[in-house]
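The values are calculated or read from the model by the stated rules, or taken from the named source; none is laboratory data. As the structure is a prediction and not an experimental result, all values here were calculated from the model. Here the Cβ positions follow ideal geometry from the backbone for every residue, glycine too, while neighbour counts run over all protein chains shown. Side chains included, ligands, DNA and RNA excluded: accessible areas come from the protein's heavy atoms. Shrake-Rupley method; radii C 1.70, N 1.55, O 1.52, S 1.80 Å.
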Amino acid sequence: MKIVFLDAKTIGEDIDLSAYDALGEVVKYGFSTSEEVPERVKDADVLVINKIEINEQTIGTAKNLKLVCVTATGTNNLDKEYLEKRGIAWRNVAGYSTESVTQHTFALLFYLLEKMRYYDEYVKTEKYVNDTIFTHFAEHFNEISGKTWGIIGLGTIGRRVADIAKAFGAHVVYYSASGRSAQEGYEQVDFDTLLSKSDIVSVHAPLNEYTKDLMNKEAFAKMKKTAIFLNLGRGPIVVEQDLCEALENGEIAAAGLDVLCEEPMSEMNPLVKIKDSRKLIITPHIAWASVEARTRLMQIIVGQIKEFFAL
């Protein structure tokens, strides 16, 4: 069989993909535009893709195509109706990045909560050299213990974050935007209660009709002025202009984001202008991407191909 990777650079060049070579001929393209895809998929049996749009325009030339493997959980880039009409199967991967995203959630929090940028620079600029006393209190920080942590989206990642937050001594509550019934062992509250009571709010929800623009001007206005907001879900859950204003006006204390409405970040994004690292940290959609998570992801896809072709 012929396996074609259309955007291999989204996996990273440090991940061992040699297991695919044992399955057949493998062709890897770092990136592919929509215009380049039709020629590149003509004789492919399997496509391995991340963000490439899969529809009649891009894969109509792929006469041998039997399987599309998405190196992610989300599949909104697949025209599933067209794939079904063609009899082409598709697979995605869930659960591979739980530990990675959970860890990154706390990395963002600690960076903001403990003012790490300030203290790192304080030492590196040698202000601590021969200082008057052994400690330095210019930027205050607080403990997680005793605080209320509100989680939006209590799926696998949300529950993992909740359990670790509890281990730090936080009181954890959650809100289900879709209105799912309460999960045993976790305290469900309404949206307004979560916003008004939480010292930390983290988003781990998918993007859908219930969550799009959920965190808007009205939502931020209901939060504590001392609250830290974290988004590890999807960018469009947040109205970025409203978040920008909330940070600038002191309606919330700080925000940590790993996802944006447009990725890579647009120069028109209002958050570009916030340079104060005590207020905002944005990472470039890397929460999912630990070495272990990416390795696990690609091993799972090898297994999916073997299972589909009964190898």
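For residue 174, the conditions (1) open to solvent by 20 Å² or more (accessible area, probe 1.4 Å); (2) closer than 25 Å to residue 100 by Cβ; (3) outside any loop (DSSP other than H, G, I, E, B); (4) without any contact (Cβ under 8 Å) to a residue 40 or more places away in the chain are fulfilled apart from (1). Residue 146: in a loop (DSSP other than H, G, I, E, B), touching a Gly at 6+ places or on another chain (Cβ under 7 Å) and open to solvent by 60 Å² or more (accessible area, probe 1.4 Å), yes or no? Yes, satisfied. On the basis of being under 19 Å from residue 156 (Cα atoms), open to solvent by 10 Å² or more (accessible area, probe 1.4 Å) and either touching a residue at least 24 places away in the same chain (Cβ under 8 Å) or among the β-branched types (Val, Ile, Thr) (or both), does residue 286 make the cut? The answer is yes for residue 286. If I filter region 272-283 for residues that are open to solvent by less than 60 Å² (accessible area, probe 1.4 Å), touching a Phe, Trp or Tyr at 6+ places or on another chain (Cβ under 7 Å), outside any helix (DSSP H, G or I) and closer than 19 Å to residue 110 by Cβ, do I get at least one hit? The answer is yes; a qualifying residue exists. Output yes when any residue across region 291-309 is open to solvent by 60 Å² or more (accessible area, probe 1.4 Å), free of Cβ contacts under 8 Å to residues at least 12 places away in the same chain and assigned to a helix (DSSP H, G or I), and no when none is. There is at least one residue in region 291-309 that is open to solvent by 60 Å² or more (accessible area, probe 1.4 Å), free of Cβ contacts under 8 Å to residues at least 12 places away in the same chain and assigned to a helix (DSSP H, G or I). Part of a helix (DSSP H, G or I) and surrounded by fewer than 14 Cβ atoms within 10 Å (Cβ to Cβ): is that true of residue 123 in this structure? Judged against the criteria, residue 123 is a match. Scanning region 255-308 for residues being under 21 Å from residue 227 (Cα atoms), within 17 Å of the chain's Cα centre (by Cα) and hydroxyl-bearing (Ser, Thr, Tyr) gives a total of 1.
For residue 260, are the conditions met, namely being open to solvent by 10 Å² or more (accessible area, probe 1.4 Å), in a loop (DSSP other than H, G, I, E, B), within 20 Å of residue 72 (Cβ to Cβ) and modelled with pLDDT under 95?
Judged against the criteria, residue 260 is not a match.
Yes/no per residue for (1) at pLDDT 95 or above; (2) among the aliphatic types (A, V, I, L, M):
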| residue | (1), (2) |
| --- | --- |
| 52 | yes, yes |
| 63 | yes, no |
| 75 | no, no |
| 97 | yes, no |
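From the list 311, 271, 280, 297, the one residue that fits, being on the phi < 0 side of the Ramachandran plot and at pLDDT below 95, is 311. For the residues 110, 191, 168, 134, the requirement of being among the aromatic types (Phe, Trp, Tyr), at pLDDT 95 or above, farther than 19 Å from residue 279 by Cβ and within 22 Å of the chain's Cα centre (by Cα) singles out 191.
Selection over region 95-141 of residues that are touching a residue at least 60 places away in the same chain (Cβ under 8 Å) and closer than 26 Å to residue 295 by Cβ gives a count of 14.
Name the single residue that is surrounded by the most Cβ atoms within 10 Å (Cβ to Cβ) among those in region 53-71 being in contact with a strand residue (DSSP E or B) (Cβ under 9 Å, 6 or more places away or on another chain) and more than 21 Å from residue 310 (Cα to Cα).
Among residues in region 53-71 that are in contact with a strand residue (DSSP E or B) (Cβ under 9 Å, 6 or more places away or on another chain) and more than 21 Å from residue 310 (Cα to Cα), the one surrounded by the most Cβ atoms within 10 Å (Cβ to Cβ) is 59.
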